[in-house]
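To start, the structure itself, in C-alpha cells.
The values are calculated or read from the model by the stated rules, or taken from the named source; none is laboratory data. Everything numeric in this text was worked out from a predicted model, so none of it was measured. Here the Cβ positions follow ideal geometry from the backbone for every residue, glycine too, while neighbour counts run over all protein chains shown. To get the accessible areas, we keep the full protein, side chains included, count just its heavy atoms, and leave off ligands, DNA and RNA. Shrake-Rupley method; radii C 1.70, N 1.55, O 1.52, S 1.80 Å.
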Protein chains: 2
Amino acid sequence: MTSACHHHDEHDHHGLHGVALGRALEAAELRCAGTQERLTAPRRRVLELLLAADAPLKAYDLIAAYGEAGEPAKPPTVYRALEFLERLGFAHRIESLNAYVPCRIEGGHMAAFLICDCCGEAAEFEPDFAPTLTAAQAAGYAVRQVTLEARGLCAGCREH
Amino acid sequence: MTSACHHHDEHDHHGLHGVALGRALEAAELRCAGTQERLTAPRRRVLELLLAADAPLKAYDLIAAYGEAGEPAKPPTVYRALEFLERLGFAHRIESLNAYVPCRIEGGHMAAFLICDCCGEAAEFEPDFAPTLTAAQAAGYAVRQVTLEARGLCAGCREH
DNA sequence: GCGGTTATGTTATTTCATAACACTATCGGC
DNA sequence: GCCGATAGTGTTATGAAATAACATAACCGC
C-alpha cells in the first residue's frame, strides 16, 4: 500500500460483510445462472475475498487468504478465478497496482478508477469516454477495451 | 506480441535510425542541459533502444539488447534508466503491456495510447481529458497522473 | 582537492504470472 | 443411465518482471 500518511480512520471501509456479502454473492450466482457460466467454489471464494476487502488486493494476497484455515491456494487457482471474474465483469484488474477489485458499478461498462496514492483506496467511476472513443475512431482504431486509471489523493487524504 | 494476424508489412515502422535517431538523442541532450539533469551513458543507451524500436519494448528486451556486442545489462541498470526517462517525459510505460515506448509527442502532456492487439503497435495520442478530470474533481480527488490505454485493432489490422 | 550529492555496478531476492499435464465434474444426447 | 465432449480443477515447475541492499565511481560547487 506504501502509504504516505496515516489517517485512514474510517474513510475506506468498503468491504462487505455478513448479510451484505451473502447478498452480493447470491446476486453473482443469479447472474451466472442466467448465462451458461458457473460460479464454482474457487471463483466464489476469490470473489468473496475481493468483496470483503477494503482495498485492492494483490493476487498473492488472495493466494495467502484463500484457505479458510490459513492454507494458501496454488497460484493458478487464483489467477484462473480472477480471469473468470474479469471476463464476467465481477472484478477488475488495476494495471498500475497489479491488483484486483470487485466491480462496484452495475451494468456493462468500461472500468475507470480514481486511486489514492496515500490511503490506497480505488474508487470506480464512470467518466465520459466519448472524447477518447472519438479520437480513437479518427485514428482508425476499433477499440475493444479501455483502461483508465487516475492517480492522486482522495478527498480525505488531501485534508491532512 | 501475441499477434493474431501476420500482415505487418510496412505499417508499423516507427523506429528511428541514422541521422533521425542522432537528432532525437541530441534533442534529449539539449533538454537535459536546460535542467540540471544528465543524460548519462546508460540513460542515453536505453533511450536510443526505445527510439529505434518499432514497437513497445519490455524491460528484459532492453536488458538483452543493451550491450553493443551482445552482453546484456543488469536489470537495475535498465530499470533505473527507465525511471529517469519517464520522470523527464522521454518515455512512457504502458501498464497493460509491461512495456515501454519513447515519447512521441512534444510538450508536457498526459500520455494516452491506442494499442493494436494484432500488430502490437502503440500509438500515442492526446484525448480530451476534461471529462475525466471533471469527474475526478467532483469526487474530491486531486489527480496527479492519468493512465489511459485503449486496446483494439488499428486501421491496418482491421482490414485483413 | 574535499565533501556532498548523484549515478552506477553488482549480487541476490522478491514479486507477479503462466506452462504443462493429469484428473474430475458437468451436461446434453442417446 | 451412461457416454462422450467440454469445462474446470489440482499440482508441479518454471518463467517474467521488478526491486533491495550495498559497494564503488563520477560530478560539482566551493
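For region B:17-103, the alpha-carbon coordinates run over 31, 28, 23 Å along the three principal axes, in decreasing order. Protection proxy ranking for B:88-96, A:13-21, using the average of other Cβ atoms within 10 Å per residue and placing the highest first: B:88-96, A:13-21. Anisotropy class assigned to region A:1-147 is oblate, per the alpha carbon gyration tensor with a/c at or over the 1.5 cut-off and a/b no larger than b/c.
Using the 1.4 Å probe convention, the accessible area of region A:18-158 works out to 48 Å² per residue with neighbouring protein chains retained. Computed about its Cα centre, the charge dipole of region A:1-141 is approximately 660 debye, with only Lys, Arg, Asp and Glu carrying charge at their Cβ.
For the peptide B:90-101, the mean number of other protein chain Cβ atoms found within 10 angstrom of a residue's Cβ is 2. For the residues of A:133-143, the average number of beta carbons from a partner chain within 10 Å of their own beta carbon is 6.
Each of the peptides A:33-43, B:146-156, A:50-60, B:73-83 was scored by the mean count of other Cβ atoms within 10 Å over its residues; in descending order, highest first, they stand as B:146-156, A:50-60, B:73-83, A:33-43. Among the DSSP helices (H) of chain B, those spanning at least 15 angstrom by Cα along their long axis with an average Kyte-Doolittle hydropathy of 0.0 or more are B:18-34, B:41-52; this is a geometric and hydropathy rule only.
Based on DSSP H segments of at least four residues, each scored -39500 (n - 2.57), chain B has a per-residue ellipticity at 222 nm of -11500 deg cm²/dmol. Of all beta-carbon atoms in chain A, the one sitting closest to the axis that brings chain A onto chain B gives A:95, 2, with the distance in whole angstrom. Residue by residue along B:111-124, Cβ atoms of other protein chains within 10 Å of the local Cβ number 2 on average. How high is the relative contact order of region A:18-158, given as a whole-number percent (alpha carbon pairs under 8 Å, six or more residues apart)? Dividing the mean separation by the residue count of region A:18-158 yields 19 percent.
Of all the options A:86, A:121, A:26, the one that moves most in a Gaussian network model of chain A with Cα springs shorter than 10 angstrom is A:26. Quick check: the distance between the Cα centres of region B:99-160 and region A:127-160, to the nearest angstrom? For region B:99-160 versus region A:127-160, the Cα centre distance is 8 Å. Beta-bridge orientation, region B:9-160: approximately 65 percent antiparallel, per DSSP, counting only bridges with both partners inside.
If a/c stays under 1.5 just call it rounded; otherwise compare a/b with b/c (prolate if a/b is bigger, oblate if not). Do that for region B:104-160, with a ≥ b ≥ c from the square roots of the Cα gyration tensor eigenvalues. Cα axes put region B:104-160 in the prolate bin.
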